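What follows is a short report on a single structure.
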Amino acid sequence: MPRVRVRVAACAIVLVAVVAIVHTWTVFSQTVDEPAHVAAGAEWWGGTYALDPQHPPLARIFVAIGPLLRGGQYQPAPHWVISGNAILYGAGDYLATLASARAGTLLFFLLGCWVVFAWARRLYGDTTALVALAFFALQPAVLAHAGLATTDMAAGATLAAAMYAAAFGAPVVAGLAIAAAIASKFSAIAFLPAVVVAAWWQRREATCHPERRARDLGGRGAMDVPGAPPTEIPRYAREDRWVRDVGVAAGVAILAILLVYRFDVAALLRGLQDLRAHNAAGHPSYLFGEVRRGGWWYYFPIALFLKTALPALFAFAMGVRKRTAPLVAAFAILLGVAMLSRISIGIRHVLPLYPLMAIIAAYGVMQLRRPLAIAVIVAQVATFALAHPDHLAYFNFTAGRDPSRVLLDSNLDWGQDLLRLEQASAKHRIEELHIAYFGSADLRRHRLPKLVRLQPFTPATGWIAISEMHLKDLGARNRRRGAYDWLLRHEPVERVGTSILLYRVQPR
């Protein structure tokens, strides 16, 4: 395929994904964590970083730029919800300010797309690279978190960039990417073994089997040295460069992280300690109707299976072969490390798996017969189209008709449907609404009827709106379970978006 056509096709795929992402900015209200990231980023721009040190600042720096340019100002407060909402609601148009924050994540999504395309192209050629890009850019879980002012997309894209750069002998770039990943999300530290294994194994493959590269690339020759014979060992794979590259990458990474923290080592260590304490204490998690603090070791494999498009899963299974061994090894390490975590609250915590999955899946598709390969790609595109705009709450059909029985939290209900509740309230001409909303939005700032808080264990009549998190007891802070079980005796009037149930309970 001519290079110009390849680039046009790649740009078209990315453009479609970006348009889909931008559209969601005005469909969904803020999710639970977005005010924290906006406020902490704004605080960093003001010269301090103490509001929420458990998360590092890099991604937050980017998501705060838009709201600050719109006139938002950081205001110290006892809790990040107050500071974040002061920016989101205080800078004029709420939706425009929220969209400007979410725009800060687009840069990392584009980086992820570039890494997937470049990595697949370098290993397997142009056509495979385009397929890999489609599997990544049109994956609902990726699109969901590419459209939010959070840290997950930044961590996923930069960790993939680190693996790619380390694998092909760019230690300075690898060091910067490692620093960006850690400075976006501390969990990237635990994922570093995957970077090392991917780099070592990829270099070993290039050293031991250079003819395989030539065959996969259709005889185009070594990409490192223009005009070199196809079987020549690339410079980056030579053994004498390995130790030097590791040292350079480590040094660059440490320096870059310190620069992001303005050499405030105390703030860095405080954040690491807070995260360690959080993981040790565990976090309330939900799986198959059970709530448990500390989660389950098998949580992420189940979440990955249920929330990944089935065409991508099928293609991934077909792509697990000897030729993808370095990628499969890195994937297994990432997933294995995640399974040790005691914080099991969403597929977003394993977002770095998706670049690897996309490349492996693309290779798998290329091993299929042409009609079946085309069918798999078309099915992936169709899944993307059918899931839009509810990428955040997407589940494949194996989750059943009610995914809330399987997974919750940021997999399904992250407070994103408040704007839809406004529309539903207007449609039903609701004058008074009892509400149990799971989210960080300021309900007083939205076009809602007169609100009455729905109290736990206190049946009410009239119009009632309740988030799935509260209905399943995960959002409630009371010690006893079943706070809203009395509602289960009634049929909801409608499901508002994917996360809020609207009831009308008549008095007896």
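The values are calculated or read from the model by the stated rules, or taken from the named source; none is laboratory data. Nothing here was measured: the structure is a model prediction, and the numbers come from that model. FYI the Cβ positions are ideal-geometry reconstructions off the backbone, even for glycines, and counts take in every protein chain you see. Ligands, DNA and RNA are excluded from the accessible area calculation, which covers all protein heavy atoms including side chains. Shrake-Rupley method; radii C 1.70, N 1.55, O 1.52, S 1.80 Å.
Residues of the stretch 405-417 being surrounded by 24 or more Cβ atoms within 10 Å (Cβ to Cβ) and either over 9 Å from G346 (Cα atoms) or in contact with a Pro (Cβ under 7 Å, 6 or more places away or on another chain) (or both), which ones?
Within the stretch 405-417, L412, D413, W414, Q416, D417 qualify.
Name the residues in the stretch 376-403 that are without any contact (Cβ under 8 Å) to a residue 40 or more places away in the chain, open to solvent by 50 Å² or more (accessible area, probe 1.4 Å) and either farther than 20 Å from V22 by Cα or among the small types (G, A, S) (or both), would you?
If the condition is that a residue be without any contact (Cβ under 8 Å) to a residue 40 or more places away in the chain, open to solvent by 50 Å² or more (accessible area, probe 1.4 Å) and either farther than 20 Å from V22 by Cα or among the small types (G, A, S) (or both), then V378, A385, R401 are the ones that fit.
Of everything in the stretch 418-433 that's open to solvent by 30 Å² or more (accessible area, probe 1.4 Å) and outside any helix (DSSP H, G or I), which residue is nearest to V291 (Cα to Cα)?
E432
Can you pull out every residue in the stretch 444-462 that is assigned to a helix (DSSP H, G or I) and open to solvent by less than 40 Å² (accessible area, probe 1.4 Å)?
Residues satisfying the conditions do not exist here.
In this structure, is A465 buried (at least 20 other Cβ atoms within 10 Å of the Cβ), in a loop (DSSP other than H, G, I, E, B), out of contact with any Lys or Arg (no Cβ under 9 Å at 6 or more places or on another chain) and touching a residue at least 40 places away in the same chain (Cβ under 8 Å)?
In short, no.
Which ones in the stretch 340-375 are out of contact with any Phe, Trp or Tyr (no Cβ under 7 Å at 6 or more places or on another chain), closer than 20 Å to L306 by Cα and open to solvent by less than 10 Å² (accessible area, probe 1.4 Å)?
Hits for the stretch 340-375 are G346, I347, L351.
Just checking, does the stretch 56-63 include any residue being open to solvent by 20 Å² or more (accessible area, probe 1.4 Å), over 19 Å from T105 (Cα atoms) and out of contact with any strand residue (DSSP E or B) (no Cβ under 7 Å at 6 or more places or on another chain)?
No, because not a single residue in the stretch 56-63 is open to solvent by 20 Å² or more (accessible area, probe 1.4 Å), over 19 Å from T105 (Cα atoms) and out of contact with any strand residue (DSSP E or B) (no Cβ under 7 Å at 6 or more places or on another chain).
Restricting to the stretch 15-29, name every residue that is in contact with a helix residue (DSSP H, G or I) (Cβ under 6 Å, 6 or more places away or on another chain) and either part of a loop (DSSP other than H, G, I, E, B) or open to solvent by 30 Å² or more (accessible area, probe 1.4 Å) (or both).
Matches in the stretch 15-29: W25, T26, S29.
Just to confirm my filter: which helices (runs of 4 or more DSSP H) fall fully inside the stretch 164-230 and include at least 1 residues that are within 19 Å of D152 (Cα to Cα) and modelled with pLDDT of 70 or more?
171-182, 192-208
For S83, which of the numbered conditions (1) in contact (Cβ under 8 Å) with a residue 60 or more places away in the chain; (2) outside any loop (DSSP other than H, G, I, E, B); (3) polar (S, T, N, Q) fails to hold?
For S83, the failing item is (1).
Can you work out which of the residues in the stretch 279-305 that are closer than 14 Å to Y354 by Cα and among the hydrophobic types (A, V, I, L, M, F, W, C) is surrounded by the fewest Cβ atoms within 10 Å (Cβ to Cβ)?
Ranking the candidates gives F305 first.
At pLDDT 95 or above and open to solvent by less than 40 Å² (accessible area, probe 1.4 Å): is that true of A77 in this structure?
In short, no.
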